[in-house]
Structures are given as structure tokens and as C-alpha cells.
2 protein chains.
Amino acid sequence: MKAGLLMVGNELVDGTVRDVNASFIARELEPAGWEVSSILLVGDDAAAVKAGIEYLTVLSDALIVAGGLGPTVDDITAAAVAETFGLPLERNEEVLERLKERFAAFRIPWTENNAKQACFPRGAEVSDNPAGTAAGFYLRRGKKIIVVVPGVPREVRKMVPEGVLPVLEKEFPGKRTRKTRKTLKVFGLSEARVDEMISRAGPFPHLSIGFYPHFPETHLVLIAEGADEKEAASRMERGEQVIREVLRPFIFGADDETLESVAARLLTTKGLTLAVAESFTGGLITDRLTDVPGSSLFLDRGIVSYSNEAKVDLLGVPREVIMRKGAVSRETAELMARGARERSRTDLGISTTGIAGPSGGSEEKPVGTVYLCLADAERVLCRKANFRWGRRGIKEMSAALVLDMIRRYLTGEKVCDE
Amino acid sequence: MKAGLLMVGNELVDGTVRDVNASFIARELEPAGWEVSSILLVGDDAAAVKAGIEYLTVLSDALIVAGGLGPTVDDITAAAVAETFGLPLERNEEVLERLKERFAAFRIPWTENNAKQACFPRGAEVSDNPAGTAAGFYLRRGKKIIVVVPGVPREVRKMVPEGVLPVLEKEFPGKRTRKTRKTLKVFGLSEARVDEMISRAGPFPHLSIGFYPHFPETHLVLIAEGADEKEAASRMERGEQVIREVLRPFIFGADDETLESVAARLLTTKGLTLAVAESFTGGLITDRLTDVPGSSLFLDRGIVSYSNEAKVDLLGVPREVIMRKGAVSRETAELMARGARERSRTDLGISTTGIAGPSGGSEEKPVGTVYLCLADAERVLCRKANFRWGRRGIKEMSAALVLDMIRRYLTGEKVCDE
């Protein structure tokens, strides 16, 4: 079954914002056996909406339209749909009543232009909007169906699973193949290298595998297909097992997991505490760790020791080491990790020091030279790297590498070459 | 003049990635007097590409196609364009030579499938690709023009200004209106409030004003139109002046400026130094400040004092204040800002303490309660707020508010109500 998507809004075509709804809708439709063939973005222009509807209904069994259902003069989607199919617009008194009640409940003064949101093409079935004021609707035309929802991303995220998918299920009943999707997240291998390792392990029947760089990670999107959900799920399971085997130490999580959520879970489960000393990463590591609810259970403190004074005062790095070896050196990095751990009496200490650029590099230590360390009671594990991205890229790659060092340390994988 | 955009790639329609090229291209075309009427995304499917080209060429004077020019079997754009217009594909020996040289220079073994990237529809003009291997090309069909470029975003960002715009300029010479665009960035006012304030100050002839929420900021996109660049620029200048007057203390910057780049510029210009003590913001403020090149000139250190011990040890907040008033209290926040400043001997000290949730709230201090302070030699300025977003939203809004407090402090605007 093929679906077409039509996104309506001037801001989508004039370069002001990037559409976020179409990719969300495509991902939601896929497990239900729908393939998106074309996505069309048009401005708030009745002729363009009409032309788009005509074009996409020829190519698809179902058309999902999002946007242009608000109360202002710009909002022309309902009228354009009605015109395309030669239907009059009719006011739905029940919807109008509900709208007015909603306005009263939120103490927003009612203005007559809002009545527009209660007008639909004749014959349309109206669907509630649990997240906003504008209701959606759908129309049958021959064997095809046109579903219209508001364009606010928050509303789309609620209405598509709750309103659109049930309609498609009802209107297109009967057997068709089912799909299931899983994202495996890889850190520390290039896309090309992942591709090569997977190819050697394959083939994987009934499983499509996509590789997507997600700097600084690589994501593998697995899509398994089967006659029903059970078959799709079991094919997914078999494929996933082989892939996890092949890429073992490099897969850090799946789907919604992040490097920080995995590190946080491991630290919390093992009841370990952490102190972080960051130089050039500037707080990015603690920022990511504190995005995880409950991070106060393991994170004692972070030190952004940007100046040499801060490294001396707060981490006890001897001034002569900084002078002799440099603030960006293995020795300083080791002493920072150790100092963070000892001064905060935590189980683990983490440190970063490096040159994020654009200036500050030298021949011996070019921009992108970084030292990253993890200290426990017995030893300090360090990685040195030379990264070639810009300032933000060097920070992001280094923060990710440190989070991954924590994961590897806590799962018994190799942290560094020593 | 109307342009249509056709973006080709399976990953764009199956929900795996969001297209980033179309909005970039639309923004680039606009100042040259081009309006994008429709954007169509299709998979790597010759029939869909062909149907898309036919649809969009009817609606537009120029069609820009991006994607599907690589060496693999998936890459079908050149062949589909040729087929649409009934043209044979021909190999361009000059391009082939250059391709082979490029491979040799990068020591990549040449494989025969790469020759595909030297094949173009008969009559096409070939354009160099300064950023990658696949060359672009363009075709004239009657009064219309079809320009094809590779889909890699990095390459699009180079080829559109360097390859596509000059072609459009050459092929569609003559007078047309010119546009200029400027983004004014607002912090601390809702979109509705900005809209209301601007409406009262208007009308603004020849200036279109769009309002775009960019959490936690609101961006105003101004587009001025004129017979030539000079007229467009002078209309922009006049409109901008009025708008800046109306919104004065809330506009923090324009175009590429960020809250952190503005704060950094002001600190550097005034030769002031800063220490930051963050609790629930977890390092986000120093992360943002250290994204600005040269931040070591003003940033001495950051302390992520997540635990009470860290607040006592590193900032000298008396334990009994934390016990009596709470870690999340005005008193603790003030002492943190003062402690950060005094202990690091900087000109200014900044602090944040709050409850980011999801747990940890109480009736008296619900989730979202935050205290944000700025200390100088004489006083501590504080803001208390109650935010209602999720954990990340509360962190982001608070970090932005602190950066804006620095800007307001350094430009003599009101920082808080006291």
C-alpha cells in the first residue's frame, strides 16, 4: 500500500523552517505496511494544495495532508480539499460547540474567525485533536482515502498514531505484510567499516539494513518484514543477534538509548560515583550526563578547569607539570582525572584536555589533539586522539568518546590500547 | 520567477532522515528573486523521479534536482532525467579523465561503476563539483531549465551558490525584484507578544515579517523587496530600525549571532573574566560559552556543583544555609555566584540552582523552580522562575536566561526586577 504525504505551510517552502512532520509520519506508517512514495511540501496557496492533492492521489492509495487547518486567512487546507473534489464546505455544529467550550475552559475570548475550524468538506468524517484546537478529518474518494491533520508537530505526534493509523486500519482491512524497525547504535566504527563487517556476516533474508551517520555515531536501521507481526519480530530477533555478535563492543545501545543514558544506567546499577574534570569539552560531558533523570545518584561534581589556575586550585595538578609538559598533555590529563576523583572522594574520575581550535595548535600538538582519561582507585586509563572536525565537532566527538569509555570500563570491554 | 525543488533518496521518504537541502536551497534562491513553489521528495525510483520532474516543470521556470548522482545502482537521477526528456545518456570523456585523476590523487582504486558519474543526458552542460566526485549538470528545455546537483548536504552547500545561482543568473537575465533577508533574534518575549508589539508599530511597506519560535528564542525573519539590491537593502534598514526600537532590550542579536557569542563578545571587549557555578544546568552554560572561539580569554572556570558537598567544598556555601534554606533557594544561589567569583578571583560570578525534574519537586518548590544569579564586586542580581517544560527544556531555558542576563548586565539593560 502506497501513501503520499502533503505538507502545507509557507514556512516549509521559503526556507524558514525544515519540515519535521513528514519523516515522523513515514516512520509511523511503515510498521503498518505502508510505503511512502512521495512527499510534497507546498505553501499556503489553494492552487498549489489542489495540484498537490491531485498529483499525489494518482500515485497513492492514501494521502495524508498536514497543515493549514488554523483560524487565520492563511489556513486554506480544508477549503482546498473541498474544492479539489467539488464538495461544499459545511459547518459541523458539534465541533463548533466543542471549540467554544475549549476556548471558555482556557479563558480565551472567542472570535468569529475560529468558527472556520469547524468547517469541513461535505461527507468528511471528523477526528478529534487531543493536543490542540483544530480537528482533523478524512474523506473517501473511490478506493482512496484523504486524511487531513493540523501541522503543529506536537499535534502530529499525537494524531497520527491515535487518529490516522486507526482510520487506515479500518479503511484498508485485510492481510498485508508487517514490518518492524529497530535502530542499533554504533560508536567507534566508520559507516564503511560497519557496512563491510555486516556484509561479511550476511546475507540477512527478510531484513533490510540501512547505515546512517549520526555524528559522531553510526546508526543501523533494521527493518524486518513478515506475513504478520510475529514473523516480522522473529526475523528481527534472528538478524539482530548475528549483528550484535559481529559488532559487539561497538554497539552501545538501541532505539532511544544514548551514550549518556547507558553510562548513567551502568553507574547507577553498580552504585558507583563519578567526578568529571573538563577542559576543552567545557561542560558538555556533565551536560549530557545530567540530561538523564536521576543523575544526582552518581554524579558528584564537574569541574570545567579552563584556566591553568583552575587545574591547579581545583584538581591539584602541580603547576610545574603544566609548565613542563603543557596543559594539553597525557601527564596533565592523568593528574586531572586522578585529582577529580581524589578531591571529590568518588569511585571514578574523568578528564579531558585538548585543543579545540581554531587557534592554539602547534606542529607538535595540532588543533584536534585531545587526551581523555578515566581514573579508578588503581589506575588511570587514557586515550589520545587527533580529531579533524571544527571546534564543536572536536568537543562532541571527545564527549562521546569519554561516555563510551565509561560504558566500556563498566562492561569489561577494552577502554584503550594500554 | 518560480523554482521547484526535487530531492531524491530513499532515506528521505522512508523516515530515516529529514531532508536538509531543500530549505537551504530555498533560502539561497530567495535573494536572487526566486520563489520556491513546491518541494517534492521521492525515493531512488526512476518512475517517481520522472513523474516528479514532469509535475514540477509545469509549475516552475526552473527545477533544481538534488541527489542520486553517485556510482551505485541506486543512483538513477541522470538516467531518469534523460528518459523524461527522451535524450540518450552520453559519456563525457573530459569528466571521466578528471574523475580518474581524482581517484588517483586520493589513492582510491578505480572501479568501472564510477564511470557512471561521467554520463549525462545529451546536450547537458556539466558543472564541476568543488566538494565531491559527482559532477552536476543542467539542461535547457524550451524556456525552462533543469539543474541537477548531488545530494550530499556539504556538496549542496558549495554547489548551489557557486554552480546553480550563476547558471540561473545567466539563463534568466534581466530585471526582476530583489530580496534581502535578515533574522532578528529575540529572547524573553512570546511569539504572540512580539507579533502584537510589531503590529502596533507597523505597517511596514515592502517588508514581510515572519515569527518563528526557536525554543527558547523567537526569531523574526525580515524579507525586504525592491527593484534592485540597493532598494531592498534600504527598505530593510528602515524597517529594521523601527523594529529594533520597539523590541529594544529583547533583541539580543541577528543572523548567525547566538546568546553565547554575544555574551562572549561583550565580556572580551570589556576585558572581564567569569566563573560559572552550575547545579541543575549541569555544564550547559559553560558548554555554550566554550563553543565560542577565544572563550579562554574570559572564562576562568566552571563548577558543576551537583552534590551539596561540591557546593560546600568548591564554592564555600555554608552547609547550614543549604540545610536551612535548601540547595534550591535564593540564599544558596546567591552564595554560589559570590563563591564562584571570589574563589576564582574573576570579575563576575554566575550561578544556577533548581529542580529540573522529573522528580524532586515539592508543593512549595515544584519541578521547574530555578534561581539564577549574577554577582559582581558590589552586588548579586538574581532571578527566580518557574518553568514548565521537561528536564531538557528547563535546562535550556535557564541556560539561555543566564546568558541573556550577562548580555543585559554588560549593556546596561535591566537584569531583574530588583
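The values are calculated or read from the model by the stated rules, or taken from the named source; none is laboratory data. From a predicted model like this one, the values you see are computed outputs, not experimental measurements. Here the Cβ positions follow ideal geometry from the backbone for every residue, glycine too, while neighbour counts run over all protein chains shown.
Things worth noting here:
- Screening A:Val164, A:Val152 for residues that are farther than 17 Å from A:Trp34 by Cβ and modelled with pLDDT of 85 or more leaves exactly one candidate, A:Val152.
- Restricting B:Val126, B:Val65 to residues that are in contact with a strand residue (DSSP E or B) (Cβ under 6 Å, 6 or more places away or on another chain) and surrounded by fewer than 20 Cβ atoms within 10 Å (Cβ to Cβ) narrows the list to B:Val126.
- Flag set for B:Ala340, criterion: more than 17 Å from A:Leu299 (Cβ to Cβ), of a type in the set (A, V, I, L, M) and either in contact with a Pro (Cβ under 8 Å, 6 or more places away or on another chain) or more than 9 Å from chain A (Cβ to nearest Cβ) (or both).
- Single unsatisfied condition, B:Ile243 versus (1) in contact with a Gly (Cβ under 7 Å, 6 or more places away or on another chain); (2) buried (at least 21 other Cβ atoms within 10 Å of the Cβ); (3) closer than 29 Å to B:Phe387 by Cβ: (1)
- Which numbered condition A:Asp195 misses (of (1) out of contact with any Lys or Arg (no Cβ under 8 Å at 6 or more places or on another chain); (2) among the acidic types (Asp, Glu); (3) in contact (Cβ under 8 Å) with a residue 24 or more places away in the chain): (3)
- Number of positions in region B:264-285 that are assigned to a helix (DSSP H, G or I) and more than 10 Å from chain A (Cβ to nearest Cβ): 7
- Take the conditions (1) without any contact (Cβ under 8 Å) to a residue 60 or more places away in the chain; (2) over 14 Å from B:Thr16 (Cα atoms); A:Asn10 misses just one of them, which is (1).
- Positions within region A:130-174 being part of a loop (DSSP other than H, G, I, E, B) and hydroxyl-bearing (Ser, Thr, Tyr), in sequence order: A:Thr133
- Residue count, region B:175-202 (criterion: assigned to a strand (DSSP E or B) and either in contact with a Phe, Trp or Tyr (Cβ under 8 Å, 6 or more places away or on another chain) or not polar (S, T, N, Q) (or both)): 8
- Criterion (surrounded by fewer than 17 Cβ atoms within 10 Å (Cβ to Cβ), of a type in the set (Val, Ile, Thr), over 23 Å from A:Ser127 (Cα atoms) and more than 7 Å from chain B (Cβ to nearest Cβ)) met by exactly one of A:Val58, A:Val73: A:Val58
- Output for region A:286-321, where each listed residue is surrounded by fewer than 24 Cβ atoms within 10 Å (Cβ to Cβ), small (Gly, Ala, Ser) and within 7 Å of chain B (Cβ to nearest Cβ): A:Ser296, A:Ser307, A:Ala310
- Filter result (of a type outside the set (Asp, Glu), within 8 Å of chain B (Cβ to nearest Cβ) and within 17 Å of A:Val149 (Cβ to Cβ)) within region A:1-28: A:Leu12, A:Val20, A:Ala22, A:Ser23, A:Phe24, A:Ile25, A:Ala26, A:Arg27
- Filtering A:Met197, A:Met236 for residues that are crowded, with 17+ Cβ neighbours inside 10 Å and not assigned by TED's automatic domain parsing to the domain that holds A:Glu396 leaves a single hit, A:Met236.
- In region B:388-403 there is at least one residue matching the filter, namely being surrounded by 22 or more Cβ atoms within 10 Å (Cβ to Cβ) and farther than 17 Å from B:Leu289 by Cα.
- Unmet criterion (only one of (1) outside any loop (DSSP other than H, G, I, E, B); (2) within 19 Å of A:Ala135 (Cα to Cα); (3) within 12 Å of chain B (Cβ to nearest Cβ)) for A:Ala48: (2)
- Tally, over region B:318-362, of residues that are hydrophobic (A, V, I, L, M, F, W, C) and either in contact with an Asp or Glu (Cβ under 7 Å, 6 or more places away or on another chain) or over 26 Å from B:Leu410 (Cβ atoms) (or both): 8
- Unique match (being farther than 16 Å from A:Ser279 by Cβ, among the aliphatic types (A, V, I, L, M) and not assigned by TED's automatic domain parsing to the domain that holds A:Phe215) among A:Leu314, A:Leu372, A:Leu348: A:Leu348
- Of all residues in region B:350-381, those satisfying the criterion of being away from chain A (no Cβ under 14 Å) and surrounded by fewer than 21 Cβ atoms within 10 Å (Cβ to Cβ) are B:Ser362, B:Glu363, B:Glu364, B:Lys365, B:Pro366, B:Asp376, B:Ala377, B:Glu378, B:Arg379, B:Val380, B:Leu381.
- Condition check for B:Glu257: part of a loop (DSSP other than H, G, I, E, B), over 21 Å from A:Thr290 (Cα atoms) and more than 11 Å from chain A (Cβ to nearest Cβ): yes
- Among all positions in region A:208-221, there is no residue which is in a strand (DSSP E or B), touching a residue at least 60 places away in the same chain (Cβ under 8 Å) and of a type in the set (A, V, I, L, M).
- Residue in region B:227-243 that is free of Cβ contacts under 8 Å to residues at least 24 places away in the same chain, more than 11 Å from chain A (Cβ to nearest Cβ) and out of contact with any strand residue (DSSP E or B) (no Cβ under 9 Å at 6 or more places or on another chain) present: yes
- Residue in region B:389-399 that is out of contact with any Ser or Thr (no Cβ under 6 Å at 6 or more places or on another chain) and in a loop (DSSP other than H, G, I, E, B) present: yes
- Of the criteria (1) facing chain B (nearest Cβ under 8 Å); (2) not in a strand (DSSP E or B), which one A:Ser38 fails: (2)
- Applying the set (1) modelled with pLDDT of 85 or more; (2) closer than 22 Å to A:Ala32 by Cα to A:Thr177 leaves exactly one unmet item: (1).
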